[in-house]
Amino acid sequence: MLHLVLYHPAIPQNAGNVARTTVGFAAHLHLVKPYKFEITDHAVQRAGLDYWPHVRLAEHENDDAFLDWLGDRAPWLVTKFGPLRFDQPDYRDGDVLILGNENTGLPDAWRERWPDRCVSIPILGPIRSYNQSNAAAIMLAHASLKAGVFNG
């Protein structure tokens with residue numbers, strides 16, 4: 001199973017779309033706080049997220065709590081500053097994919113800590129960046145295929 005991490009997500013609709021994608025790919029979703037929306041039973045029900053009971057969710061109270069969970073694993077950081085194209089790494093079952101905040105991206109310290117694990121999705125048209133949920137779908141689809149986690 002792959003792990004998809006949203007670092008300080010800012011837009012609840014993106015988090016909801018990413019959660020749906022993780023369910024579809026049988027991936028584990030991690031949210032690193034702080035974020036400005038609530039994930040309560042009431043909020044989820046009100047938003048109509050009928051798939052929410054199937055989300056494998058871990059919430060990390062802050063960066064340090066997430067890094068403690070990560071341990072000595074080296075994650076893949078999805079960033080437009082990544083020197084590797086997203087389809088070049090040999091992803092493995094259990095890999096951790098991290099997407100940054102919609103407004104501020106990932107911390108410089110994280111990109112500096114894992115410079116050889118920064119991947120980017122090519123942008124060919126005149127846009128600044130991809131929507132977070134689209135980037136998550138691209139990454140999960142490709143990493144799942146490369147990691148051999150499909151059952152069929």
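Select from the stretch 136-152 the residues that are touching a helix residue (DSSP H, G or I) at 6+ places or on another chain (Cβ under 9 Å) and either of a type in the set (Asp, Glu) or surrounded by 11 or more Cβ atoms within 10 Å (Cβ to Cβ) (or both) and list them in ascending order.
Those that are touching a helix residue (DSSP H, G or I) at 6+ places or on another chain (Cβ under 9 Å) and either of a type in the set (Asp, Glu) or surrounded by 11 or more Cβ atoms within 10 Å (Cβ to Cβ) (or both): 136, 137, 140, 141, 149.
Among the residues of the stretch 95-108, is there at least one that is surrounded by 14 or more Cβ atoms within 10 Å (Cβ to Cβ), farther than 18 Å from residue 142 by Cβ and in contact with a Gly (Cβ under 6 Å, 6 or more places away or on another chain)?
There is at least one residue in the stretch 95-108 that is surrounded by 14 or more Cβ atoms within 10 Å (Cβ to Cβ), farther than 18 Å from residue 142 by Cβ and in contact with a Gly (Cβ under 6 Å, 6 or more places away or on another chain).
Pull out all pairs, ordered by first then second residue, where Cβ-Cβ is under 7 Å, the residues are six or more apart or on different chains, the first lies in the stretch 104-129 and is within 12 Å of residue 74 (Cβ to Cβ), and the second is in a loop (DSSP other than H, G, I, E, B).
114/74; 114/75; 117/74; 117/75; 118/79; 118/81; 118/82; 118/83
So, in the stretch 88-146, of the ones that are among the aliphatic types (A, V, I, L, M), part of a loop (DSSP other than H, G, I, E, B) and closer than 20 Å to residue 29 by Cβ, which residue ends up farthest from the chain's Cα centre (by Cα)?
Top of the filtered list is 121.
Six or more apart or on different chains, Cβ atoms under 7 Å: show the pairs whose first residue is in the stretch 135-147 and farther than 13 Å from residue 85 by Cβ and touching a residue at least 24 places away in the same chain (Cβ under 8 Å) and whose second is aromatic (Phe, Trp, Tyr) and surrounded by fewer than 16 Cβ atoms within 10 Å (Cβ to Cβ).
Listed by first residue and then by second, the contacts come to 144/150.
Of (1) closer than 16 Å to residue 17 by Cβ; (2) modelled with pLDDT of 95 or more; (3) β-branched (Val, Ile, Thr), residue 96 satisfies all except one. Which?
Just one mismatch for residue 96, condition (1).
Which members of the stretch 108-150 meet the condition of being aliphatic (A, V, I, L, M) and modelled with pLDDT under 95?
Initial filter on the stretch 108-150 (aliphatic (A, V, I, L, M)): 109, 119, 121, 123-124, 127, 135-141, 143, 145, 147, 149.
Scanning the stretch 108-150 gives 123, 124, 127, 145, 147, 149.
The values are calculated or read from the model by the stated rules, or taken from the named source; none is laboratory data. Source: prediction; values computed, not measured. When we count neighbours, we look across all protein chains shown, and the Cβ atoms used for this are built from the backbone with ideal geometry, even at glycine.
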